[in-house]
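To keep things clear, I will list the structure first and then write my remarks on it.
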Amino acid sequence: MAIPTHQRTLDHEVSCSGIGLHSGKEVHLALKPAPINHGIKFIRKDLPDNPTIPARFNCVVDTSLATVIGLDGAIVSTIEHLMACLAGLSVDNVVVELDSYEVPVMDGSAGPFTRMILEAGIREQNAERHFFVLKKPIELKQDGKFVGIYPDTTFKITCNIEFEHHLIRKQSCSIEVVDHIFEREISSARTFGFLHEVEYMKRYGLARGGSLDNAVVIDKSGILNEEGLRYQDEFVRHKLLDCIGDFSLLGMPILGHIVTNKSGHAFNHAFLEKFFNKKTCWQTLTMPFPPDPAHKTVKSLAI
Ligand SMILES: [Zn+2]
């Protein structure tokens, strides 16, 4: 299946309930179809006047433990897995309603959101999608961390991670981000943490909702989750999932190849700022791109 050329939304409303990873609070989430050029916007139904917060990089207010967006004092936390899911399935226009400040963590992956959206169905809309198309590479390097984006006729991500732990060490994962590949290879990869970090966070009132039901937890000897891993390299796949979510905050799909080494939410966000300042390195286009020869390559993408 090739990259969709037209904007997409949900066929009908779907909803779920769960707890927030950091708040531990029960939250109800509804995903609703939205009109063309709407983008992804969060609405806080629990606050007076139901404030709306666009899922855009310039609304990001914190990236230390999760990606948090905010506007005029209203925030929504831990949006990254839901955002990864919408971007991974090429859903452009959705209203996300919440009755608390944190997106439910579900099982720590984007699997439950993916199943929900596929169950609702995805509807093509009568308007072309606009893409960021890379003309020249953009790179950011700092303290052993690296993010680069390179011209390409598809949307690709390559993630590299490195941890001291014997279960992880060096892992690398590279995929082309289209619906069925996202669903099969990435969506079910869970968030992970080291036991000492989890204990530390809980001591300070963070990760209140965190448990073996929504995270892979590792100690010195191994994995505490009885069921083990969902993929042998679940860790790097989850980093790739986070990366899709972070880059979706550009507000439009990308045609380019993103490469990250040892990156996380904060560094990905720093890269997005650089991306927007390098306006000579990209352009925004609809597909196909005549007379650009890339048109042919994109059209032959059906896999
Ligand atoms: Zn994550």
Cross-chain or 6+ apart pairs with Cβ under 7 Å, segment 202-213 first and modelled with pLDDT of 80 or more and surrounded by 13 or more Cβ atoms within 10 Å (Cβ to Cβ), then among the β-branched types (Val, Ile, Thr) and not in a loop (DSSP other than H, G, I, E, B)
Gly209/Ile19; Gly210/Val198
Here the residues within segment 34-62 that are open to solvent by less than 30 Å² (accessible area, probe 1.4 Å) and either within 16 Å of the ligand (Cβ to nearest atom) or of a type in the set (Phe, Trp, Tyr) (or both) are Phe42, Ala55, Val60
For the list (1) closer than 24 Å to Ala127 by Cα; (2) within 16 Å of the ligand (Cβ to nearest atom); (3) part of a strand (DSSP E or B), I need the number of the one condition that Met83 fails.
(3)
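Can you tell me which residue is nearest to the ligand (Cβ to nearest atom) among those in segment 214-232 that are of a type outside the set (S, T, N, Q) and surrounded by 15 or more Cβ atoms within 10 Å (Cβ to Cβ)? So that I can check it myself, show each step before the final result.
Initially, segment 214-232 is screened for residues of a type outside the set (S, T, N, Q), giving 215-220, 222-224, 226-231.
The next check asks that each one be surrounded by 15 or more Cβ atoms within 10 Å (Cβ to Cβ); those that pass are 215-218, 223, 229-231.
Working: Ala215: 9, Val216: 11, Val217: 14, Ile218: 15, Ile223: 17, Leu229: 15, Arg230: 14, Tyr231: 15 Å.
Among residues in segment 214-232 that are of a type outside the set (S, T, N, Q) and surrounded by 15 or more Cβ atoms within 10 Å (Cβ to Cβ), the one nearest to the ligand (Cβ to nearest atom) is Ala215.
Condition test on Arg115, is it open to solvent by 10 Å² or more (accessible area, probe 1.4 Å) and without any contact (Cβ under 8 Å) to a residue 24 or more places away in the chain?
Judged against the criteria, Arg115 is a match.
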Would you check which residues across segment 178-208 are in contact with a Ser or Thr (Cβ under 8 Å, 6 or more places away or on another chain) and over 22 Å from Lys25 (Cβ atoms) and list them?
Val178, Asp179, Phe182, Glu183, Ser187, Ser188, Ala189
Asp152 fails exactly one of (1) outside any loop (DSSP other than H, G, I, E, B); (2) open to solvent by 20 Å² or more (accessible area, probe 1.4 Å); (3) over 22 Å from Leu31 (Cβ atoms), namely (1)
Out of the residues in segment 237-258 that are open to solvent by less than 30 Å² (accessible area, probe 1.4 Å) and over 14 Å from the mean Cα position of the chain (by Cα), state the one that is farthest from the ligand (Cβ to nearest atom).
Leu255
Exactly one condition in (1) crowded, with 20+ Cβ neighbours inside 10 Å; (2) charged (D, E, K, R); (3) more than 16 Å from Gly111 (Cα to Cα) is not met by Arg190; state its number.
(3)
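The values are calculated or read from the model by the stated rules, or taken from the named source; none is laboratory data. Since the structure is predicted, the reported quantities are computational estimates derived from the model, not experimental observations. Cβ sites come from the backbone with ideal geometry, for glycine too, and all protein chains shown count toward neighbours. Just the protein is used for accessible areas: all its heavy atoms, side chains included, with ligands, DNA and RNA removed. Shrake-Rupley method; radii C 1.70, N 1.55, O 1.52, S 1.80 Å.
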